[in-house]
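One structure is given here, and the rest of the page talks about it.
The values are calculated or read from the model by the stated rules, or taken from the named source; none is laboratory data. In this text the structure is predicted, and so the values were computed from the model without any measurement. Here the Cβ positions follow ideal geometry from the backbone for every residue, glycine too, while neighbour counts run over all protein chains shown.
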Amino acid sequence: MSHNAINPAEIEASHPELQQLRGKRVLVKYGGAAMEDSATKQLVCSEVAALARFGIEIVVVHGGGKEISRLLERLGLPSRFIDGLRVTDDETMVATEMALSGTINSDLVSRITGAGAPAIGLSGRDAGLLRAIKLRSKRGEDLGRTGEVQSSDPSAVEAVLRGGFVPVISPVGEASDGSALNLNADYAAAALSGSVRAACCVFLTDVPGVKRKGEVIPRLTPALIAELIEVGAISGGMIPKVECAARALQVGCPRAVIAHAAQRMAITRALLGAADCGSEVSES
């Protein structure tokens with residue numbers, strides 16, 4: 001195990017107040033650029049394992065867009081995006097599922113297990129976990145087999161948690177005809193945070209939080225998010241993050257936090273609402 005790894009003793013010693021969260025359930029979304037650095041990935045996986053061993057029920061949802069693009073390039077297939085969403089034809093869907101439910105999922109499962117907490121990989125297609133419908137662009141353009149979550153059955157996640165394992169979920173949904181659909185991992189995480197009854201949903205990113213004029217905004221509400229998007233203070237890739245954080249609240253998750261994956265004990269600090277944990281989103 002890396003000397004930078006996090007263990008339960010370190011968490012308990014530095015954050016004894018975490019005791020109040022034993023037995024609670026937390027959803028962690030990890031993906032994007034924050035997955036590109038191997039040291040950060042190992043740090044995140046060791047913290048997930050430490051929190052699970054500490055007694056917190058951790059559910060992980062991962063992305064993997066950059067790995068998908070690299071695989072498509074190796075296969076000689078183009079990557080096309082509309083409104084930031086991947087256009088997914090049949091060949092791209094095969095490669096997407098290979099990357100998400102194969103390479104990326106297996107790697108995270110192995111790292112978390114190696115850090116001391118046995119993990120099991122799940123696809124959103126398993127046992128009706130993520131039922132999805134096809135998604136069209138804002139202008140009505142066909143995105144192929146790119147979808148959005150229609151409903152979620154958490155039975156598989158519940159069974160894995162009861163068995164003492166950490167569920168690691170790839171964002172591949174299943175349409176009513178049984179075909180696979182490529183899902184945005186942030187939106188999948190938001191939907192699952194409600195169905196698994198998470199006490200908090202932590203979105204790990206490659207930035208310290210949502211910024212305005214160069215400063216991290218420590219507290220956000222859905223109303224403030226909408227206002228900041230409208231005036232352009234929140235833009236680009238941060239828009240889906242804050243929208244999904246707000247969506248998590250809509251489906252019953254009490255709070256969401258956008259946190260910096262590279263910060264040591266980022267998840268723990270987010271759960272405790274530490275002053276520099278990132279940007280917390282709640283109703284008030």
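Applying the set (1) within 23 Å of K66 (Cα to Cα); (2) in contact (Cβ under 8 Å) with a residue 12 or more places away in the chain; (3) part of a helix (DSSP H, G or I) to L204 leaves exactly one unmet item: (3).
Screening the range 98-112 for residues that are in contact (Cβ under 8 Å) with a residue 12 or more places away in the chain and of a type in the set (S, T, Y) and picking the one that is surrounded by the most Cβ atoms within 10 Å (Cβ to Cβ) gives S101. Would you confirm, using the coordinates I've provided, whether I112 is closer than 16 Å to K29 by Cβ and touching a helix residue (DSSP H, G or I) at 6+ places or on another chain (Cβ under 8 Å)? In short, yes. Looking at the range 237-248, is at least one residue in a helix (DSSP H, G or I), in contact with a Pro (Cβ under 8 Å, 6 or more places away or on another chain) and on the phi < 0 side of the Ramachandran plot? Yes, there is a match, as at least one residue in the range 237-248 is in a helix (DSSP H, G or I), in contact with a Pro (Cβ under 8 Å, 6 or more places away or on another chain) and on the phi < 0 side of the Ramachandran plot. For the range 72-95, the condition holds for no residue, the condition being that it is under 23 Å from T205 (Cα atoms) and at pLDDT 95 or above.
In the set A189, A245, A199, A175, only one residue is touching a residue at least 12 places away in the same chain (Cβ under 8 Å) and farther than 26 Å from I68 by Cβ; that residue is A199.
Just to be sure I understand, how many residues within the range 12-47 are surrounded by fewer than 22 Cβ atoms within 10 Å (Cβ to Cβ), outside any helix (DSSP H, G or I) and at pLDDT 90 or above? Adding up the residues that qualify gives 6. The requirement of being assigned to a helix (DSSP H, G or I), at pLDDT below 95 and either over 16 Å from the mean Cα position of the chain (by Cα) or of a type in the set (A, V, I, L, M, F, W, C) (or both) is not satisfied by A50. The residue pairs whose first member lies in the range 269-284 and is among the hydroxyl-bearing types (S, T, Y), whose second member is not in a loop (DSSP other than H, G, I, E, B), and whose beta carbons are closer than 6 Å, counting only pairs six or more residues apart or on different chains, are S279/L220; S279/I258. Tallying residues that are among the hydroxyl-bearing types (S, T, Y) and within 19 Å of C277 (Cα to Cα) within the range 188-203 yields 0. Could we say that D206 is surrounded by 18 or more Cβ atoms within 10 Å (Cβ to Cβ) and either in contact with a Pro (Cβ under 9 Å, 6 or more places away or on another chain) or charged (D, E, K, R) (or both) here? Against the criterion (surrounded by 18 or more Cβ atoms within 10 Å (Cβ to Cβ) and either in contact with a Pro (Cβ under 9 Å, 6 or more places away or on another chain) or charged (D, E, K, R) (or both)), D206 does not qualify. Residue pairs whose Cβ atoms lie under 7 Å apart, sitting 6 or more positions apart in sequence or on different chains, and linking a residue in the range 74-97 that is within 18 Å of S137 (Cα to Cα) to a partner that is of a type in the set (D, E), are I82/E141.
On the given criteria, is V210 within 22 Å of E47 (Cβ to Cβ), in contact with a Leu (Cβ under 7 Å, 6 or more places away or on another chain) and at pLDDT below 95? Answer is yes for this residue. Quick one: would you say S176 is buried (at least 23 other Cβ atoms within 10 Å of the Cβ), outside any strand (DSSP E or B) and not hydrophobic (A, V, I, L, M, F, W, C)? It is false that S176 is buried (at least 23 other Cβ atoms within 10 Å of the Cβ), outside any strand (DSSP E or B) and not hydrophobic (A, V, I, L, M, F, W, C).
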